[in-house]
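Beneath this line is the structure, given in structure tokens, with notes to follow.
The values are calculated or read from the model by the stated rules, or taken from the named source; none is laboratory data. Source: prediction; values computed, not measured. Please note: Cβ atoms are built from the backbone with ideal geometry, for glycine as well, and neighbour counts cover all protein chains shown. Calculation scope for accessible area: heavy atoms of the full protein, side chains included, ligands and nucleic acids excluded. Shrake-Rupley method; radii C 1.70, N 1.55, O 1.52, S 1.80 Å.
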Amino acid sequence: MNTMRWLFWISAVGIVYVYVGYPAFAAILARLVRSRQPAFAQPSVSIVIAARNEAPRLPARVGNLLALPYPGEREIIVVSDGSTDGTAEALAPWRNRVRLIELTASGKAAALNAGVAAARHDIVVFADARQMFGPAALAKLVAPFADPKVGGVTGELMLIEDDGHGIGEGVGLYWRYEKWIRRNESAIHSTLGATGAIYALRRSLWKPLPPATLIDDVLAPMRAVLAGSRVLFEPEARAYDRVATDAATEWQRKVRTLAGNYQIVAQEPRLLVPGLNPVWWQYVSHKIGRLVVPYALVVLLVTSAALAGEGPIYAASLAGLLVVAALAVSGWLQIRARAARIAFTFVMLNSAAVAGLVALARRRRVW
């Protein structure tokens, strides 16, 4: 029973540290080291969009990018990754403003590699076909590059919640929590990755992505950090998207993302070495900690059940876990209570971490 108690407390403290302790420590440290804003830069930029069968969206997307007020020179490069829906025809009205690169279906990583290789400018902005940039997005995104120590900048993805049933509220709350952590990490040194819908990187820091890379928006920025540069979070550079309101869509997205978090450790093992990773504490606490929590929750449930008769703390832990499970089931049944949606999102995210590892292990060729 002594071992059970040790396992209980290690799991409980670990979970609380990952979700509460680390974010609180990061927030305090960010206030202590907050530095002044660097001068404003307006460099020439290359905007790269990797797209597969996005012809219906691309005209509006290109129009959005061309309409952004920005005095510096910009070029737009669309890399068609084996599209079969008439992407070239959809972009025909902008043939003098958009460079189209057509590839056979090779995956997003190959498309991004091709786009960066074709870029003429030192600052490369990455965008998706779906989301739209706010009016100040481009100017705010590249402004921090006035500081030569800055190697990358990520913007803020604003999630627009639809009314109706679904998990939008829980996901939206989680995303606001994540952005708060990213803001503090950025102030300390660097944010741990970027938002794929809106980020920029110095072309000189780009290393070609392995073919089956799942989360380029984490691998590429973290390579910049490993090279000695900072990657900042700029909340005024905004892209807009809608929250996935069905669990299946959000589940698929999170499984891919969390599988990518496992994959990146194999791609860049230096991230786990304190002397080589300048943000080792943040990376282990945030990224690795989130991958460990699902297993800690299982241990906590088992030990709480085994020790429930040993004292009120263990009984309360068991009761709390069962309440969260019941609320999660209610959220899965689309009961619209806020607590149910939040609990469902919490359980879904942790389940996706396990599913991501299983999915990655079953693939023979992952990167």
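Which one is farthest from residue 69 (Cα to Cα), of the residues in segment 195-254 that are aromatic (Phe, Trp, Tyr) and within 13 Å of the chain's Cα centre (by Cα)?
Pass one, segment 195-254, residues aromatic (Phe, Trp, Tyr): 199, 206, 233, 240, 251.
Checking the rest, the ones that are also within 13 Å of the chain's Cα centre (by Cα) come to 199, 233.
On the way: 199: 17, 233: 21 Å.
So the residue we want is 233.
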Do any strands (runs of 3 or more DSSP E) entirely within segment 55-161 hold 3 or more residues that are touching a Leu at 6+ places or on another chain (Cβ under 9 Å) and closer than 23 Å to residue 224 by Cβ, and if so, which?
74-81, 123-127, 150-160
Taking residue 14, is it surrounded by 12 or more Cβ atoms within 10 Å (Cβ to Cβ), under 30 Å from residue 281 (Cβ atoms) and either modelled with pLDDT of 90 or more or charged (D, E, K, R) (or both)?
yes
Those residues that are surrounded by 14 or more Cβ atoms within 10 Å (Cβ to Cβ) and at negative phi, I need them from segment 78-87; list them, please.
78, 79, 80, 81, 83, 85, 87
Only one of these is part of a helix (DSSP H, G or I), in contact with a Phe, Trp or Tyr (Cβ under 9 Å, 6 or more places away or on another chain), at pLDDT 90 or above and not aromatic (Phe, Trp, Tyr): 329, 324. Name it.
324
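Out of everything in segment 263-279 that is open to solvent by 40 Å² or more (accessible area, probe 1.4 Å) and in a helix (DSSP H, G or I), what residue ends up being farthest from residue 232 (Cα to Cα)? Lay out the reasoning, then the answer.
Step one: filter segment 263-279 for residues open to solvent by 40 Å² or more (accessible area, probe 1.4 Å), giving 266, 269-270, 272-276, 278.
Next cut, in a helix (DSSP H, G or I) only: 266, 269-270, 272.
Details: 266: 24, 269: 22, 270: 20, 272: 21 Å.
Selected residue: 266.
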Which residue pairs have Cβ atoms closer than 8 Å, lie 6 or more positions apart in sequence or on different chains, and pair a first residue in segment 144-155 that is touching a residue at least 24 places away in the same chain (Cβ under 8 Å) and aromatic (Phe, Trp, Tyr) with a second residue that is surrounded by fewer than 24 Cβ atoms within 10 Å (Cβ to Cβ) and not in a strand (DSSP E or B)?
145/41; 145/43
I'm trying to understand the selection: among the residues of segment 220-256, which are at pLDDT below 90 and of a type in the set (S, T, N, Q)?
245, 249, 252
Enumeration of residues in segment 332-341 that are closer than 21 Å to residue 301 by Cβ and modelled with pLDDT under 80
332
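Name the residue, out of 259, 296, 319, that is in a helix (DSSP H, G or I), closer than 25 Å to residue 7 by Cβ and in contact (Cβ under 8 Å) with a residue 40 or more places away in the chain. Walk me through it before giving the result.
Details: 259 fails: closer than 25 Å to residue 7 by Cβ; 319 fails: in contact (Cβ under 8 Å) with a residue 40 or more places away in the chain.
Within the list 259, 296, 319, the selection yields 296.
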Residue 283 fails exactly one of the following numbered conditions: (1) farther than 20 Å from residue 215 by Cα; (2) open to solvent by less than 40 Å² (accessible area, probe 1.4 Å); (3) among the hydroxyl-bearing types (Ser, Thr, Tyr). What is the number of that condition?
(1)
How about segment 203-262: which of its residues are of a type outside the set (D, E, K, R), farther than 21 Å from residue 283 by Cβ and open to solvent by 50 Å² or more (accessible area, probe 1.4 Å)?
204, 208, 211, 240, 248, 249, 251, 252
Go through (1) open to solvent by 30 Å² or more (accessible area, probe 1.4 Å); (2) farther than 27 Å from residue 143 by Cα; (3) of a type outside the set (S, T, N, Q) one by one and return the number of the condition residue 73 breaks.
(2)
